[in-house]
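The values are calculated or read from the model by the stated rules, or taken from the named source; none is laboratory data. Just so it is clear, the model here is predicted, and its values are computed rather than measured. Here the Cβ is made from the backbone with ideal geometry for all residues, glycine too, and neighbour counts use every protein chain on show. The accessibility values were calculated without ligands, DNA or RNA, using every heavy atom of the protein model including side chains. Shrake-Rupley method; radii C 1.70, N 1.55, O 1.52, S 1.80 Å.
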Amino acid sequence: MLFRSSDFAQWIRDGAVDPRDGTIPVRDRAVEWESEYQRRLDWWSLKLPVMAAAPAVAGDVWSRGVVDRWILKSLSEVGLSPAVAADRATLVRRLSFALTGLPPSESVRQRFLSDSGADAVERLVDELLGSPQFGERWARHWMDVVHYTDTHGYEWDVPVKNAWRYRDYLIRCFNQDVPYDRFVMEQIAGDLIPARVDAATGLNEALIGPLMLRLGERRHGDNSAAEGISQEAVSSMVDTLGKAFLATTLACAQCHDHRYDPISQVDYYRLRAVFDPALDWQNWKTPAERQVSLYTSADRAKAAEVETRAAEVGRERGVKEAEYLRAALEQELTKYAEPLRGQLKLAYETAGDKRTEEQQALLKAYPAVNISPGVLYQYNQAAADDLKKYDERIAAIRAEKPVENFLRTVMEPAGHLPASHRFHRGEFGQPKEAVTPGELQAASLFTEAPEIPVDDPSLPTSGRRLAYAKWLTSGRHPLLARVLMNRLWLHHFGRTFVSTPGEFGRLGAEPQQLELLDWLAADFMEGGWTWKRMHRQILLSTVYRQSGVEQAEMAAIDPNNQLYWRKPLLRLDAEVVRDSILAVGGQLNLQSGGAPVGVKADDTGQVVEADSSGRRSVYVQVRRSQPLA
């Protein structure tokens with residue numbers, strides 16, 4: 001029997017009767033979701049990392065630390081033996097590329113090769129970690145995670161004024177080894193925490209960090225404030241935040257309960273409500289309205305002091321100017337006899353809006369008497385030159401004033417508490433029940449997560465982002481440290497414990513060597529959240545120092561080197577290749593920071609640098625619709 005689509009449509013309208021017994025199925029979707037939700041909660045990434053005791057392997061003379069002991073345990077369980085150590089020339093090159101993204105200079109290379117000290121590798125690692133190029137390399141990794149660009153755009157590009165200050169901020173953070181808990185706080189709630197002033201630039205770094213929340217915007221012309229566009233920008237921000245800090249795909253729950261992970265649609269909008277007071281899509285600010293001054297309190301005090309001194313010189317100048325104008329007038333009036341002289345003087349000294357018609361006519365008839373500062377030089381050049389010296393003194397004083405820089409970052413207004421709702425099917429035009437701010441329930445199941453306040457009475461702002469940032473960095477969040485250590489391992493070994501670094505949910509890969517990942521995550525938090533310390537943990541390990549040479553007998557047991565019986569080979573990315581060519585060719589310009597090098601389309605339409613500056617690739621402009629060829 002053939003069925004037409006209309007037959008199935010009618011069957012559904014009739015209640016989808018079961019043809020076997022004539023019953024109509026009744027589904028309680030709330031009950032079904034709760035049952036499915038509970039099943040999905042049993043997932044490794046939602047449980048707190050555990051710092052298990054490092055295993056001991058009998059006869060171990062290979063391990064230098066805990067990382068090696070975990071690796072050696074995995075190798076010994078399947079009969080694998082680690083590779084021999086890499087030679088010195090290989091190791092110095094490997095470490096230099098890993099930490100700076102550049103080949104080692106000849107002086108660094110020769111010094112290391114001739115260093116016979118037992119701690120030669122340690123000193124080399126410390127030297128590279130202290131290099132300005134370290135921050136440039138590792139800032140790029142984070143810029144990729146948060147979708148850094150110098151423009152907003154989709155079908156066109158709109159410049160993001162001073163976006164490069166965020167890039168320079170990242171470089172300083174990594175070079176100064178700013179603890180990652182502080183780094184996260186600045187990214188999410190930098191406008192709500194005490195300032196962190198950089199000694200070299202004098203900038204309040206905390207105000208620059210929240211620019212991360214705006215980097216994912218698309219299709220934003222300077223006058224675009226339509227609800228659909230602003231709503232999309234906020235959704236993009238939530239998605240970026242989820243992938244960067246939680247390795248969780250949140251966008252799936254924007255329109256419906258997540259199909260795979262224990263994230264309900266209400267959960268999604270509760271998390272989004274954390275950001276609503278600062279990124280209110282219904283009261284979206286134009287770029288000009290988003291300008292935030294980077295002035296610190298010290299800057300303002302200095303500026304006020306400079307203006308006080310400039311004003312004092314200005315008063316001196318005003319006295320002199322009045323004196324010179326009066327003398328010039330007296331000299332000019334000697335050309336006229338009384339009573340005209342007195343009449344002209346009275347007309348001149350009378351305020352413009354108080355002059356009679358006769359006085360106005362008189363001054364018009366005798367224009368030479370209308371002596372003003374702008375024409376003083378025609379009457380007394382020496383006096384005009386003297387006033388210029390006062391102007392130069394004022395300009396010199398004002399040159400001492402700190403430059404006031406602006407950034408289109410995030411600044412939450414005081415007392416702004418927009419209503420937050422769940423959107424039916426993710427459509428902003430269909431708001432449903434109101435929601436309060438909160439963490440994903442699944443991410444706080446195995447620990448006591450604090451409540452996110454609707455309005456913190458101790459703060460002028462809602463305090464929501466600050467509370468969320470504190471929870472993320474509390475040391476009790478199951479995801480954050482794991483996500484970060486997984487990425488750190490990725491950049492040093494070319495592979496990860498979880499091969500989907502942006503997805504720790506059920507659509508992601510199952511973890512390999514979870515005990516080691518958890519140990520690194522717990523150690524990262526307990527050790528003060530410092531990146532450089534964790535770099536040392538990994539780079540000084542024996543597993544990292546292995547040779548990368550293939551061994552047939554080992555490859556027969558573990559063909560994909562999943563257990564690290566040799567050092568995996570890493571493919572250099574395009575930016576490193578370009579920078580290396582410039583370095584080897586003696587054309588690399590190591591100037592740091594500042595506005596990006598522009599790009600243009602060449603004669604063939606390929607996007608290339610606008611000029612041959614020789615600067616590192618991290619400083620080349622990133623245009624959303626015009627990536628470099």
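Where helices (runs of 4 or more DSSP H) sit wholly within segment 480-588, those with at least 2 residues that are farther than 27 Å from Thr249 by Cα, of a type outside the set (Gly, Ala, Ser) and in contact with a Leu (Cβ under 7 Å, 6 or more places away or on another chain) occupy 531-539, 552-557, 574-584. The C-beta contact set for segment 614-629 (first residue on the phi > 0 side of the Ramachandran plot and free of Cβ contacts under 8 Å to residues at least 40 places away in the same chain, second residue outside any loop (DSSP other than H, G, I, E, B) and not hydrophobic (A, V, I, L, M, F, W, C), distance under 8 angstrom, 6+ apart or interchain) comprises Gly614/Asn589. Of all residues in segment 345-366, those that are part of a helix (DSSP H, G or I) and closer than 20 Å to Glu321 by Cα total 6. Selection of first residues in segment 518-539 that are at positive phi and of second residues that are in a helix (DSSP H, G or I) and of a type outside the set (Asp, Glu), restricted to Cβ pairs under 7 Å at least 6 apart or on distinct chains, gives the following pairs, ordered by first then second residue: Trp529/Tyr180.
Scanning segment 597-629 for residues that are open to solvent by less than 50 Å² (accessible area, probe 1.4 Å) and within 19 Å of the chain's Cα centre (by Cα) yields a total of 6. A count restricted to segment 487-498 and to residues that are open to solvent by 30 Å² or more (accessible area, probe 1.4 Å) and either in contact with a Phe, Trp or Tyr (Cβ under 7 Å, 6 or more places away or on another chain) or without any contact (Cβ under 8 Å) to a residue 12 or more places away in the chain (or both) stands at 1.
Given the structure, is Ala574 open to solvent by 20 Å² or more (accessible area, probe 1.4 Å), among the aliphatic types (A, V, I, L, M) and under 29 Å from Thr240 (Cα atoms)? Here the answer is yes, as Ala574 does meet what is asked. Number of residues in segment 183-209 that are modelled with pLDDT of 90 or more and surrounded by fewer than 19 Cβ atoms within 10 Å (Cβ to Cβ): the value is 2. What residue, among those in segment 441-459 that are outside any loop (DSSP other than H, G, I, E, B) and among the small types (Gly, Ala, Ser), is most open to solvent (accessible area, probe 1.4 Å)? Residue satisfying both the conditions and the ranking: Ser444.
Gly593 meets the conditions (1) farther than 30 Å from Ser45 by Cβ; (2) in contact (Cβ under 8 Å) with a residue 40 or more places away in the chain; (3) of a type outside the set (A, V, I, L, M, F, W, C); (4) not in a loop (DSSP other than H, G, I, E, B) in every case but one. The failed one is (4). The numbered conditions (1) in a helix (DSSP H, G or I); (2) open to solvent by less than 70 Å² (accessible area, probe 1.4 Å); (3) within 24 Å of Ala301 (Cα to Cα) are all true for Arg393 except (2). The selection criterion, being open to solvent by 10 Å² or more (accessible area, probe 1.4 Å) and either farther than 14 Å from Ala247 by Cα or touching a helix residue (DSSP H, G or I) at 6+ places or on another chain (Cβ under 6 Å) (or both), holds for Glu526. The residue of segment 414-440 that is surrounded by the most Cβ atoms within 10 Å (Cβ to Cβ), among those that are under 14 Å from Pro453 (Cα atoms) and among the polar types (S, T, N, Q), is Ser420. Failed condition for Asn162, given (1) open to solvent by 20 Å² or more (accessible area, probe 1.4 Å); (2) among the polar types (S, T, N, Q); (3) at pLDDT 90 or above, with all others met? The failed condition is (3).
Taking the listed residues Gly426, Gly508, Gly438, Gly415, the one that is of a type outside the set (A, V, I, L, M) and over 29 Å from Arg259 (Cα atoms) is Gly415, with no other qualifying.
Looking at Gly135, Gly117, Gly59, Gly79, can you tell me which residue is open to solvent by less than 60 Å² (accessible area, probe 1.4 Å) and at positive phi? None of the other options fit; the residue is Gly79.
Any chance segment 222-237 includes a residue that's part of a helix (DSSP H, G or I), within 23 Å of Thr149 (Cβ to Cβ), out of contact with any Leu (no Cβ under 9 Å at 6 or more places or on another chain) and at pLDDT 90 or above? No, because not a single residue in segment 222-237 is part of a helix (DSSP H, G or I), within 23 Å of Thr149 (Cβ to Cβ), out of contact with any Leu (no Cβ under 9 Å at 6 or more places or on another chain) and at pLDDT 90 or above. Taking (1) more than 21 Å from the chain's Cα centre (by Cα); (2) open to solvent by 70 Å² or more (accessible area, probe 1.4 Å); (3) among the polar types (S, T, N, Q); (4) within 21 Å of Ser105 (Cβ to Cβ) in turn, Ser592 satisfies each apart from (1).
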